[in-house]
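Have a look at the structure below, then the notes.
The values are calculated or read from the model by the stated rules, or taken from the named source; none is laboratory data. The shown structure was predicted, so the numbers you read here are calculated from the model rather than taken from an experiment. Note that each Cβ is placed from the backbone with ideal geometry, even for glycine, and that neighbours are counted across all protein chains shown. With ligands, DNA and RNA removed, areas are computed over all heavy atoms of the protein, side chains included. Shrake-Rupley method; radii C 1.70, N 1.55, O 1.52, S 1.80 Å.
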Amino acid sequence: MINDISKERQTEIIEKALDWFSEHFDSEELYKILKDKLTMTDDEIDFYGFELSDFNLKAGASMVHLHEENDDCYLYLSKSVDLFRMAIAYQYDIKNKITDLKLESLASVFENASVTNHIAYSVVSRNLTEYDDVLNLYQFDFENDTLSVCNKNNCKWSSFHLCDIGEAIDEATFNDTLTIEDKHSIFIQQLIGKEIIETDEEESESPSMSM
């Protein structure tokens, strides 16, 4: 029985495994495997010889509004983040930093994030369907402890209490043996019935406009 394998042999095995993946999956499937199953960063993917431009990825970005009582910060994420991953970022990173850092410092939580301004965010939020690169908008309201999301698919804002977001993530990620798809499914199930119901007057304004 082998008790140890040299680093050179480990590298060889990994490279052959990645070569096999590239031969048996199309570009989009391969990218999802590398990112979701193997949790590789874009830099790591590039390190192993894959060209990100070859993955034929769907264009997509996200914009995020972070709000506190006396502070606002707007971020542009060049790669779209779905609600599940945004919730993970909150529960395991943002939540622990929000009391100690300025909102602008939270940009470091996200890959490929740059600081933008309220004008850009407001323009896109009012005309989301006209901007091909932005797939979704988020708003963290730390004053009222809510997270709101608007997707290009329906252009409808949905809001949740941050405590419900955190509990849903804890439940979804409790079992490390589950696939990312199963964790995502559990997360969505946990949020059923948790959406904040707005009054007719409140529904007339997006969260970003009402602050």
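Tabulated results
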quantity	calculated
Unmet criterion (only one of (1) in contact (Cβ under 8 Å) with a residue 12 or more places away in the chain; (2) farther than 21 Å from Glu69 by Cβ; (3) hydroxyl-bearing (Ser, Thr, Tyr); (4) surrounded by 13 or more Cβ atoms within 10 Å (Cβ to Cβ)) for Tyr131	(1)
Scan of region 186-209 for residues that are at pLDDT below 70, part of a loop (DSSP other than H, G, I, E, B) and either surrounded by 12 or more Cβ atoms within 10 Å (Cβ to Cβ) or touching a Pro at 6+ places or on another chain (Cβ under 6 Å) (or both), ordered by number	Glu205, Ser206, Pro207, Ser208
Residues within region 72-100 that are part of a strand (DSSP E or B) and either hydrophobic (A, V, I, L, M, F, W, C) or open to solvent by 50 Å² or more (accessible area, probe 1.4 Å) (or both), tallied	5
Candidates Asp71, Asp93, Asp82 - the one that is at pLDDT 75 or above, of a type outside the set (Gly, Ala, Ser) and touching a His at 6+ places or on another chain (Cβ under 9 Å)	Asp82
Leading residue by the ranking (nearest to His65 (Cα to Cα)) among those in region 154-185 that are crowded, with 18+ Cβ neighbours inside 10 Å and aliphatic (A, V, I, L, M)	Leu162
Filter pass, Asn112 being touching a strand residue (DSSP E or B) at 6+ places or on another chain (Cβ under 7 Å), open to solvent by 60 Å² or more (accessible area, probe 1.4 Å) and of a type outside the set (A, V, I, L, M, F, W, C)	yes
So Leu106, is it in contact with a helix residue (DSSP H, G or I) (Cβ under 8 Å, 6 or more places away or on another chain), among the aliphatic types (A, V, I, L, M) and either in a helix (DSSP H, G or I) or open to solvent by 70 Å² or more (accessible area, probe 1.4 Å) (or both)	yes
Residue selected from region 34-65 under the condition part of a helix (DSSP H, G or I) and open to solvent by less than 30 Å² (accessible area, probe 1.4 Å), by the criterion modelled with the lowest pLDDT	Phe55
